[in-house]
1. So which helices of chain B fit the span-like rule, where a helix is a whole DSSP H run, its Cα atoms reach 24 Å or more along the axis, and its mean Kyte-Doolittle is at least 0.0?
2. Which one of A:75, A:13, A:65 has the biggest mean-square fluctuation once chain A is modelled by GNM with Cα springs under 10 Å?
3. Kindly state, to the nearest 0.05, the FRET efficiency for residue B:128 paired with residue A:77, given R0 = 41 Å and r defined as their beta-carbon distance.
4. Using Cα centres only, tell me the gap between region B:93-108 and region A:76-138 in whole Å.
5. Report the B-A buried area as the accessible area lost on both sides summed, probe 1.4 Å, in Å² to the nearest 100.
6. Among A:126, A:243, A:262, which one shows the highest mean-square fluctuation when chain A is modelled as a Gaussian network with alpha-carbon springs under 10 Å?
7. Run the numbers on region B:214-240: which residues show a drop of 40 Å² or more in accessible area, chain on its own versus all protein chains together, using a 1.4 Å probe over heavy atoms?
8. Hey, any idea what % of chain B's accessible area is carbon plus sulfur with a 1.4 Å probe?
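The values are calculated or read from the model by the stated rules, or taken from the named source; none is laboratory data. From a predicted model like this one, the values you see are computed outputs, not experimental measurements. Cβ coordinates were reconstructed from backbone atoms using ideal geometry, including for glycine residues, and neighbour counts include every protein chain displayed. Keep in mind that these areas ignore ligands, DNA and RNA; they rest on the heavy atoms of the full protein, side chains included. Shrake-Rupley method; radii C 1.70, N 1.55, O 1.52, S 1.80 Å.
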Amino acid sequence: MQFWNFLALRLLQAFAVVFIVVTLVFLVSRLVGNPEQFLAGPDATNEDIEGIKERFGLNDSILVQYGDFLGDLVQGDLGYSWVGGGVSTIDSIGDRAWNTFKLGAAALVFAIATAVPLGVAAALRRGGATDWLARALAVVGQAVPGFWLGLMMIFFFAVDLGWFPTGGAVGWRALVLPAISLGMLEMAAIMRLTRSGMIEVMDTDFIRTARAKGLPERTVVLRHGLRHAMLPVVTVLGLSLGRLIAGSVIIEVVFAWPGVGRLIIDSIVRSDYPMVQAAIIVLAASISLANALVDVSYRFIDPRIRAGSI
Amino acid sequence: MAQDATATLAPPVLERRRRRNWRRYAGLSVPATIAVVFIFCGAFAGLLSPDDPNFISLAERLQPPVFDGGSWDHPLGTDDLGRDILSRILHGAQVSLIVVLAVVPGAAVIGTTIGLVAGWRGGLVGNLLMRLTDIQLALPSILFAVLLGSIFGPSLRNVIIILLLWTWSAYSRLVRAEAISLRERDFVTASRAVGAGGVWIMRKHLLPNLLNTVVIVMTLEVAIVILAEAALSFLGVGVPAGTASWGRMITEARTFMVQAWWMIWLPGIALMVVAFTGNLMGDWLRDALDPRLRNVR
């Protein structure tokens, strides 16, 4: 029962966070800027502008606009784009969200698939060649700007060698370079954690016991050691979700990847406020929900963490 | 007799200790040197630059650096408008330095205050403050930064404000966690028993114990802030178009990647070296001051 209470509380908190984000986004995009001027174009008459203000409800007081906005929101209506024939924002986002998800997932898979084996190998042979390689990679990965790495990889692997396309999202090849650029930072973080965790755990009594039982080294390392060392990694994965989504914005711009991040940047350039609002709300809601679920999942992974102490 | 013993014993012991001390600081020598060079370049960019970083000379456009067949007139070559890249890199260092000096201490003060109060008070106030941190984490900072940047227009001041909003939560989470554990310690209870108030305890007992953590996070944040400024400038919502900034130089180099490798490599390397230095110093400080924090990042 306590678990369900915790889950409900955490979801409620996530909901409150989203509500505040929604309000902030609404305020920022309404109180500043001059959308009617933009929508009407440079040589619009005053009547045109009045007509547009009337049509989009921009004449109402800010409170009424806010109320309308919230009312539409709970019905799943996030408004219509101001540019490009007034398509429903939520539909445009839906199309793009899958691409952003794909990119983020690929980046995470890349990060884990390279960082964990390398981190374990580095920890088992401290001071060896693998260890040096792993540590160098971690240090570089944390210092290299993702967008610069992306551009360099486009230059070498797409322009020069022609192995991958320079941008877009057609085929699995298009996913490789953006996923590596986006996942580099996470890879560095995960590897450092895996390495230090493994070094610590391999010194403990239960590893000595496992060895004394005569278990094969493989089992000792993977079943007993790694499982323990993965705890802090899981914690970091929760935080990396937010970082991946934030990072995807810039990587999507570099690789012309048709995701939500690029949609937001493009919409900001075009002053398409409803689109910006809707996309930011969708992203913020996904991150809050993910964070809440990660918090809850700690209780499964590590019984020592009590709900109150998170 | 006793004196003899010390006389024969002392030198090797002292010697060993001195050597060990030296070795402790040896790891810091390289990053510290780079940091000093970076600060020096940033502070005296105007004096060190051979040229006006924004002087356009189309006749001299796309000249390679001196080690790739260029001339000493432009040691690091020129960009597509014939501007001197060395001067632009030096002025870019200045932008990064200003941003770091404004953002890192500012965010540390805001984040530490919020974390300290949240950890000490707990309850409703603490919860509200932590939800504030959650909002900051849930709202993709870069999106908000781009939104604000596009509304208020690119300017150095806006970059600083945006990065302050972006980075304070890194401190508040850790400080709160530490404050919660310090709160229960005997010396705090003792202080409370003799009638000390909350502000006094936070300032005299919690803050000094937290300072290590804050300093470590500040050092590690240097790289994050510099890379974030570059990212914003790269997206066109950072520093204004006339300013030489490493991020902006990389954006401008995008279309010339094939003809002029130096345009994109040099600012990229500058960014990487400085970020790398910040991380190394942060790691060193963390190991020296507080090994428990090793799993923070």
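1. Values: long enough: B:2-43 (57 Å, 0.08); B:85-121 (52 Å, 1.53); B:156-183 (39 Å, 0.84); B:207-235 (40 Å, 1.90); B:261-289 (41 Å, 0.97).
Answer set is B:2-43, B:85-121, B:156-183, B:207-235, B:261-289.
2. A:75
3. Numbers: r = 31 Å, r/R0 = 0.74.
Here the calculated transfer efficiency is 0.85.
4. Cα centroid of region B:93-108 versus Cα centroid of region A:76-138: 29 Å apart.
5. Details: alone 15960 and 17100 Å², together 29130 Å².
Its buried surface, counting both partners, is about 3900 Å².
6. Taking springs between Cα atoms under 10 Å, the residue moving most is A:126.
7. Residues passing the criterion (a loss of at least 40 Å², heavy atoms only) are B:227, B:234, B:235.
8. On the way: 9230 of 14000 Å².
Answer for chain B is 66 percent, counting heavy atoms of protein chains only.
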